[in-house]
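A short write-up of the structure that comes next.
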Amino acid sequence: MEPQPTSGTPQQAAELLRRSPWPTITVVYLSGVVAAMSFGKFASVGPAVADQLSLSLSQLGWVISAVVGVGAVVGLPAGYLVRHFGTERSLVTGLVLVAAASGAGAVAGDFTWLLAARGVEGVGYLLITIACPALIVRLAVERDRGTALSIWATFVPMGIGASTLAGGAIGSALGWRGWIGVIAVLTLVMALVVWMRLPRGPERRAAAGPVPRPEALVWPVTLAVAFCLAALVTIPVIVLLPTLLIGQHGHSAPVAGAVTSVISLLSVLGGLAVGMLLRRGTRVGVLALAGLVTVPAAWLMFGGPESPAAAQGGAAVISIVNGYLGALVFAALPMVLERLDHADVGNGVVAQAGSLGSLLGPPLFGWVATSWGFPALVPVIAVGIVAAVGVLLLVGRQVSRTRPRVG
């Protein structure tokens with residue numbers, strides 16, 4: 001633990017007195033929430049889109065997953081791109097791209113057009129998800145950084161939850177094109193708010209230090225591996241939950257969808273828990289061990305008593321752990337960086353790993369469940385989560401030995 005200064009230099013005194021600009025951090029967070037709303041905008045209107053554009057379920061799946069696919073392929077290069085152009089400029093550009101792509105999607109006439117629009121949207125979404133946490137690292141003072149990043153990690157469930165709830169009502173009133181148009185306008189307004197709120201003039205883009213050497217990315221990549229493994233075995237649980245509730249427990253589609261939306265939002269609790277525990281000084285390695293509760297939860301959901309309550313209870317725990325481990329990864333990233341101004345590239349690595357796990361997990365789980373039944377998912381989840389926690393324990397040891405330089 002780093003000793004506290006007993007006699008202050010002017011710089012130390014200034015750092016102790018400096019406060020995190022929480023209103024600005026909140027605007028950055030809301031940018032991510034709005035981007036996640038666009039990412040999940042087809043959840044509530046997917047059937048209407050498929051019916052009007054004559055899309056197969058496979059084509060609709062490609063439309064939904066295209067945004068994540070972009071991150072899975074070019075996350076790291078995008079991190080270097082954000083570093084080159086600056087986080088503020090990249091965030092505004094990302095929001096404008098998402099808004100423009102949503103506008104183009106609202107007038108799509110066929111699968112090709114819609115898929116192309118989602119591809120462009122994926123580029124914008126990736127820029128946002130890299131730039132936002134890098135900005136938070138720079139804006140928050142050290143004592144608040146872990147808490148701020150843990151809150152940031154809740155942007156996906158918050159955005160998708162809001163999109164699911166609002167999309168159903170607005171889509172019913174205005175149609176799916178009207179709903180997507182609303183998202184486009186909202187995202188454009190958010191871009192203007194960000195442009196006005198972030199520092200102006202020479203302060204808009206902070207001077208970046210040297211480009212990270214390959215050796216400097218060893219621990220960020222290690223952390224990203226843990227994130228990929230955690231996403232691989234937790235996100236598909238939520239994706240498969242409606243199928244499980246309808247096929248195994250006799251729920252109607254609307255009820256299964258409502259239950260899944262509520263359980264998905266529970267991951268926010270995991271992110272907030274990490275923020276509070278880090279604030280109390282709990283170590284990363286100790287926090288990582290809580291991820292192991294996923295194993296009994298998986299058994300309860302897929303291999304234990306065949307009841308809706310057991311399935312929903314197990315899914316709820318796994319959803320919370322998903323948010324918890326994601327928040328822990330984002331909060332730990334600044335601790336393993338060689339320099340804090342490497343946060344853009346580090347977040348590119350993490351974004352690519354998380355996208356890869358999110359993209360590969362659902363088809364993997366679908367294949368295992370189809371071939372051997374739902375109980376076969378329990379050992380798959382157990383192996384993945386134990387490996388993720390093991391990697392996080394290694395990261396925790398590294399965190400306790402080193403601290404990143406500011407510049």
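Where a number appears in this text, it was derived from the coordinates with a stated rule and is not lab data. No experiment lies behind these values; they were computed from the predicted model shown. Cβ: placed from backbone, ideal geometry, glycine included. Neighbour counts: every protein chain shown.
Quick notes on this structure:
- Ratio of Rg to Rh over the chain (Cα coordinates, Kirkwood Rh, two decimals): 0.97
- Its residue count N sets the reference 2.2 N^0.38 Å, and the alpha-carbon radius of gyration of segment 97-192 equals 1.25 times that reference.
- Annotation: amide H of R339 within the under-5 Å range of R405, sequence separation 5 or more or interchain, hydrogens built in the peptide plane.
- Segment 185-288: C-alpha pair distances exceeding 20 Å, %: 70
- Scaling the Cα radius of gyration of segment 12-90 by the globular reference 2.2 N^0.38 Å produces a ratio of 1.64.
- Normalised by 2.2 N^0.38 Å, where N counts its residues, the alpha-carbon radius of gyration of segment 305-344 equals 1.86.
- Rounded to whole Hz, the Karplus (6.51, -1.76, 1.60) HN-Hα couplings of segment 99-112, x for glycine and proline: 5, 5, 5, 5, x, 5, x, 5, 10, 4, x, 7, 4, 4
- Test item: Cα-centred dipole of the chain, Lys/Arg +1 and Asp/Glu -1 on Cβ, debye: 1000
- Enclosed volume per residue, in Å³, of the convex hull spanned by Cα atoms of segment 69-112: 74
- Relative counts (whole %) of C-alpha pair distances in segment 317-407, using bins that are 10 Å wide: 14, 39, 29, 13, 4, 0
- A dipole drawn for the chain from +1 and -1 charges on Cβ atoms has a positive end, and of W219, A388, F42 the residue lying farthest that way is W219.
- Rounded to the nearest 20 debye, dipole of segment 104-193 from Cβ charges on Lys, Arg, Asp, Glu: 100
- CD proxy at 222 nm, helix term only [per DSSP H run n ≥ 4: -39500 (n - 2.57); per residue of the chain; nearest 500]: -27000 deg cm²/dmol
- For segment 126-259, the fraction of C-alpha pairs more than 21 angstrom apart is 64%.
- Taking the inverse of the mean reciprocal distance over all distinct Cα pairs, the Kirkwood hydrodynamic radius of segment 51-137 comes to 13.4 Å.
- Cα-centre dipole for segment 194-346 with unit charges at Cβ (Lys and Arg positive, Asp and Glu negative), debye to 20: 520
- Relative counts (whole %) of C-alpha pair distances in segment 95-135, using bins that are 5 Å wide: 6, 28, 28, 17, 11, 6, 3, 1
- For segment 105-263, the residue among I246, L198, A116 whose Cα projects farthest onto the positive side of the dipole built from Cβ charges is L198.
- For segment 252-311: rounded, prolate or oblate by the Cα gyration tensor [a/c cutoff 1.5]: oblate
- Rg/Rh (Cα only; Kirkwood hydrodynamic radius) as it applies to segment 218-350: 1.05
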